[in-house]
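Take a look at the structure set out below.
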Amino acid sequence: MQKLPVILFFAGAFSLGSSSVFAQNKQQGAVQDQEFVIRKDRVLTVPTQPRAFERLPVLPQPKGFAEFNYTVTPFFLKLPALNLEPTALQKDYRQPKTELYRGFIRAGYGNFSSPLLEGRFMSTTADPLNYALKFKHQSFGKGPIAAEQSAESHTVFGADGSYFTEQVEVFGGLNWGQDKYSFYGVDPLLFENPDVPFETSSNVMNNVQVQVGLRDIEKTGPFSYEGKLSFRNFKDSYSAKENEVGIQAGGKFRTESDWSGRVDLAYFHTNPNDVNYQENRNYFSIRPRISYNYEAFQFTAGLNLVSENDSIADKSSDFRIFPVLKASYQFADEFGFYGEFSGDVQRNTYFSFVNENPFLGPSEQLLNTINNYKIEGGIEGQFQEAFHYRAGINVSRYNQMHFFVNSQADSARFEIVYDDKSTVFNINAELGFKISETYSLGSRLDLYQYDLTTQTEAWHRPVWELRVNNQFTPFEKLLVQANLNFMGGLKARGNEVVEVIPPIVEVVNLKTIADLQLKADFKITDRLSVFAEGNNILNGKNTRWLNYPVRGIQLIGGASFKF
């Protein structure tokens, strides 16, 4: 089928060629013989080009093509036609306005000739200048022993202010306090014999505290800072005086990742004066920290660098470095663990000592407490945000741990003694419970064991403590509080001392302290409310310090008013 076109092609070519040659020869006037060879056996073949055929995919059959059967059941109900009346939605986007009161005053009176007067006044507007004033006085004209000879009173006056700019807050404050105590812890035989006249001495302690500082307002930025200057003056009715100047500054940085850190600086200069000493004490600390939080894991590492110049025998250096390592991991809301290894220097002043024991007399020396190390670990968790718990074990090693003992020269006054090397074991547990705003419970139990070197006992320090705080709101206008405080294992140093080496001292076991407090506050109106308080409801002597029983059942009632 393919040879025929080829033959025709050559035949046509031959005809054209002969005509052309003949024409030329005719023009030249002569005819020449020509020879042509035609081969019929030559065959030209062209390869066959295959065609590509691609099948179209079979599309799935739409479900809409399937057959459906509907069963229609008629229901005949005589219902009226629905009449729609569309109305525009009225929504108030304004925040509810809460009435704020600038002033508050509370007054009351109770047994033991105990008047109470308390007041506060503050600004409530968002002006650049914000201020607050406070005042409180409570006194007890009669005490547990010899009525007026064991009187007590407390007065506090304070003022705080802040000035706000767009980025910075300038703050400051002034506080004055006065506390009056009677040294009624004399020999009990004097009180038992009414024929022997005696009179207790009293001590009036005054303190003035001033501070001024600067801090940033935005606490969520990459860097936050705060710094302040402070001054405190303390003086009692005898020879004790103490002035203190302090400088404190701190900065915290945050990153966009899980890392953060902070650095705190503190410097304090105190110059206490008493009968037996006059010193200039300096304390300087730098506390860098870096923290890492990843989901439920939290880790903190840092250092406590402290320099203090207390004079101690065989002291190697005034400068100390302590590591700080803290970690916690919460496996679930119900269970997690925490741990800590750290050390520090606890700064002690005469003002801090007298706030712990107000019947303090002249002492030989003031020393800071060195916490060489603290190892702590425990577990914690919560259930449904209503029940939470925490339990841990703490082992700490101290140098110059302080204790209070009755003075041999005057049993009504206490003096400070120190233990060279002390190890304290502590087992603690916390338990909390809350039912909405109706009821909440908070409690803590502490068990202590002391291992001492130079002191016979841990004078006036508890072996166990239990605190239970309850708050109950049966309805909106009534608030009831019930607090229980227990303390046991207290031991005091008696006056009898056997002069041997080492000396043998008398150990006095104090009874367990059990204090029940009840408070109730009833709101008559938004401005006016009445209250009632009861302390030492169990009527115990609760001797925290040897020879110093406390007042019995004490009741006080009164009213408060907002303006």
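The values are calculated or read from the model by the stated rules, or taken from the named source; none is laboratory data. Quick caveat: nothing in here was measured; it's all calculated off a predicted structure. So basically every Cβ, Gly included, is an ideal-geometry build from the backbone, and we count neighbours across all protein chains shown. Note: accessible area is taken over every heavy atom of the protein model, side chains too, but ligands, DNA and RNA are not part of it. Shrake-Rupley method; radii C 1.70, N 1.55, O 1.52, S 1.80 Å.
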query: Under the classification rounded if a/c is under 1.5, otherwise prolate if a/b is larger than b/c and oblate if not, where does the stretch 119-178 fall, given a ≥ b ≥ c as square roots of the Cα gyration tensor eigenvalues?
result: prolate
task: Quick one: accessible surface of Phe475, probe radius 1.4 Å, all protein chains present, in square angstrom to the nearest 10.
output: 110
query: Using the Cα gyration tensor of the stretch 368-474, with a ≥ b ≥ c the square roots of its eigenvalues, what is the shape: rounded (a/c below 1.5), prolate (a/b larger than b/c) or oblate (neither)?
result: oblate
- prompt: Which value, in Å², gives the accessible area per residue of the stretch 506-563 when a 1.4 Å probe is used on the protein heavy atoms?
  reply: 53
query: So, by mean Cβ neighbours within 10 angstrom, what's the order for 344-352, 542-550, 447-455 with the highest one leading?
result: 542-550, 344-352, 447-455
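Ignoring ligands, DNA and RNA, what percent of the 1.4 Å accessible area of the stretch 315-357 is carbon and sulfur? It would help to have the intermediate numbers written out before the result.
Values: 1230 of 2200 Å².
The value for the stretch 315-357 is 56 percent carbon and sulfur by accessible area.
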- line: For Glu430, the accessible surface traced by a 1.4 Å probe with all protein chains present amounts, in square angstrom to the nearest 10, to 60
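Give the ranking of Val530, Val168 by solvent-accessible surface, highest area first, calculated with a 1.4 Å probe.
Working: Val530 55, Val168 35 Å².
Of Val530, Val168, the descending order of accessible area is Val530, Val168.
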- line: Averaged per residue, the 1.4 Å probe accessible area of the stretch 378-499, protein heavy atoms only, in Å², is roughly 52
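Rounded, prolate or oblate: which fits the stretch 302-421, taking a ≥ b ≥ c as square roots of the Cα gyration tensor eigenvalues, rounded meaning a/c under 1.5, else prolate when a/b beats b/c?
Values: a/c = 3.39, a/b = 1.71, b/c = 1.98.
Note, shape of the stretch 302-421 comes out oblate.
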- line: With the convex hull built on the alpha-carbon atoms of the stretch 294-333, volume per residue in Å³ sits at 94
- prompt: With every protein chain present, what accessible area does Glu99 have (1.4 Å probe, heavy atoms only), rounded to the nearest 10 Å²?
  reply: 110
- line: Packing-ranked peptide list from 309-315, 485-491, highest mean Cβ count within 10 angstrom first, is 485-491, 309-315
- prompt: Taking amide hydrogens as modeled 1.01 Å from N in the peptide plane, which residues meet the under 5 Å criterion relative to Arg461, leaving out close sequence neighbours?
  reply: Lys491
